[in-house]
Amino acid sequence: MRRSTRRKAMPKYLGMLADPTHLVDRSIKIATDWFIIAMIPIRLLTGAIMAGKTKRAVLVLTEDQRAMLKELSRSRTAPAREIERAKVLIGYADGISIAGLQRQTGGSRSMIYKCIDKALAAGVQMGLKDAYHRPHEPEISDEARAWVVGIACTKPKDHGLAAELWTTSSLASFVSERAVSAGFPRLAHAGKSTVWRILDANEIKPHKIRYYLEKRDPDFGRKMQEVLLVYRDVSIYAEGAVHDGRPQPIYTVSVDEKPGVQAIGLTAPDLPPVPGEYSATGRDYEYILRGTVSILAGIDLHSGHIFANVEDRHRSVEFIALLKRLDEYYPPEAIIRVVLDNHSAHISKETLAYLATRPGRFEYVHTPKHGSWLNLIECAFSKMARTFLRHIRVNSIDELKARILKGIDEINASPVVIRWNKFDLGVV
């Protein structure tokens, strides 16, 4: 029996040896099972670590702080770093883990830790801001910066250059060339950005010009007060200032000259706009200067009516002609109060001789020297420059005179009363 059993089992065993693939498959299966068994503790350990909570304190937010952080997190104009930190603080206060905050914001763990630690230590505002730090002492000393600022406060021509004003590039070149000899070698390689930062810190823009009016009249305040009193009188009594305490009506006229109006001619005809092709009027860039004219004008501050003569020159003769026109326009019993500047033609011998022939007719109110901006006729001149004088082209001086008078007639067809409405009670 034993012999027969062994003889029957031998062929199966020998068959497994004859086919080695069974042994390879069995070995792979055993190795795979052992690898899975070995990975189970590692996965459990990783899950325990990820599920762990930070040992940091809880961040408690007031209603105002939470509202502020939510508004900041939705802002489209605040710095990106503050928006990101606001989201971190809101999430941490709501109990989100550090890993969850990292997935939610996309920020690094170090950033999240720093933000939370600063908020817990010094408040929400500190958590949003960068802590001040200076990695090393500034290499450009205060004396060197002051030297650069001092140069910027001068003009290039003061240093033998041709330019009138500095540019950032030219100033940087000048500074770098003379830094070593001035005792500031660190500025020898200073570029435009370095110079710009120094100027910006001191709020200096040497490449710009801001215009001002120099006070040249020692009696500026008194004369300005007289002019403003006249304007207030006009605003109170609009229709000639006639009342019981004033037996004669007074009409106030602002008078001045606008010299140098150019008669510019074309060298080629203008081209009209073409729909869908040319949106604007085409004009050749060359022009012909045929001469200049002067506009002597006055505006009635009660009605807005403009008196104007267009002359080749503006001498006493032309000014007297304007006074005669005013004399003819107003009633003979009225007083004509003239607001004007200190031009020589207004007080010349010829003008004073004419005024002597009309005693009590004209009353002068002078604006301060270098203060013609107080004269309201300048508003009328501005309107002329913005309307019919804008881009004007003529074939002759006579055509220019005719078109100026035509434009003034168009303004007088719908006159506009110009008033001075802002009065400084401390002056007036």
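Taking the range 74-126 as the region of interest, how many residues are part of a helix (DSSP H, G or I), aliphatic (A, V, I, L, M) and touching a Leu at 6+ places or on another chain (Cβ under 9 Å)? Explain how you work it out, then say what you get.
Residues of the range 74-126 part of a helix (DSSP H, G or I): 80-93, 98-105, 109-122, 124-126.
Now drop any that are not aliphatic (A, V, I, L, M), which leaves 80, 83, 86, 88-90, 93, 98-99, 101, 111-112, 116, 119-122, 124, 126.
Retained after the next criterion (residues that are touching a Leu at 6+ places or on another chain (Cβ under 9 Å)): 83, 86, 88-90, 93, 112, 116, 119-120, 124.
Number satisfying all stated conditions: 11.
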Next on the checklist: One residue is enough: does the range 306-319 have a residue meeting the conditions surrounded by 13 or more Cβ atoms within 10 Å (Cβ to Cβ), without any contact (Cβ under 8 Å) to a residue 40 or more places away in the chain, within 30 Å of residue 228 (Cα to Cα) and of a type in the set (Gly, Ala, Ser)?
Outcome noted: yes
Next on the checklist: Quick check on the range 139-160. Is at least one of its residues over 30 Å from residue 423 (Cα atoms), surrounded by 11 or more Cβ atoms within 10 Å (Cβ to Cβ), touching a Ser or Thr at 6+ places or on another chain (Cβ under 6 Å) and not assigned by TED's automatic domain parsing to the domain that holds residue 364?
Outcome noted: no
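For the range 97-143, how many residues meet the condition of being of a type outside the set (Phe, Trp, Tyr) and closer than 30 Å to residue 189 by Cα?
Step one: of the range 97-143, the residues of a type outside the set (Phe, Trp, Tyr) are 97-112, 114-131, 133-143.
Then drop every residue that is not closer than 30 Å to residue 189 by Cα, which leaves 133-143.
Of the residues in that region, 11 qualify.
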Item to check | Residues of the range 242-266 classified as modelled with pLDDT of 95 or more, of a type in the set (Gly, Ala, Ser) and under 20 Å from residue 232 (Cβ atoms), total | outcome: 1
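Counting just the residues of the range 338-364 that are out of contact with any helix residue (DSSP H, G or I) (no Cβ under 7 Å at 6 or more places or on another chain), more than 21 Å from residue 248 (Cβ to Cβ) and of a type in the set (A, V, I, L, M, F, W, C), which one comes out surrounded by the most Cβ atoms within 10 Å (Cβ to Cβ)?
The initial filter retains those residues of the range 338-364 that are out of contact with any helix residue (DSSP H, G or I) (no Cβ under 7 Å at 6 or more places or on another chain), namely 338, 342-344, 347, 349, 352-353, 355-357, 359-360, 363-364.
Still in the running and more than 21 Å from residue 248 (Cβ to Cβ): 342-344, 347, 349, 352-353.
When the remaining residues are screened for being of a type in the set (A, V, I, L, M, F, W, C), the result is 347, 352-353.
Numbers: 347: 14, 352: 11, 353: 11.
Going through the qualifying residues, I end up with 347.
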Checklist entry - Assuming residue 230 fulfils every condition listed in (1) loosely packed, with under 15 Cβ neighbours inside 10 Å; (2) at pLDDT 90 or above apart from one, which condition is it? => result (1)
Checklist outcome for this item: Listed by first then second residue, the pairs whose first member lies in the range 354-365 and is free of Cβ contacts under 8 Å to residues at least 60 places away in the same chain and over 12 Å from residue 337 (Cβ atoms), whose partner is part of a helix (DSSP H, G or I) and not small (Gly, Ala, Ser), with beta carbons under 7 Å and at least 6 positions apart or on separate chains, are 354/320; 354/323; 358/327
Checklist outcome for this item: Flagged pairs (Cβ under 8 angstrom, 6 or more apart or on separate chains; first in the range 180-202, in a loop (DSSP other than H, G, I, E, B); second aromatic (Phe, Trp, Tyr)) are 182/147; 184/147
Checklist entry - Restricting to the range 359-417, what's the tally of residues that are within 14 Å of residue 261 (Cα to Cα) and aliphatic (A, V, I, L, M)? => result 10
Checklist entry - Can you name every residue in the range 209-228 that is under 30 Å from residue 149 (Cα atoms) and free of Cβ contacts under 8 Å to residues at least 40 places away in the same chain? => result 210, 211, 212
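The values are calculated or read from the model by the stated rules, or taken from the named source; none is laboratory data. Note that the structure is predicted; figures quoted are calculated from it, not measured. Positions of Cβ are backbone-derived with ideal geometry, glycine not excepted, and every protein chain shown enters the neighbour counts.
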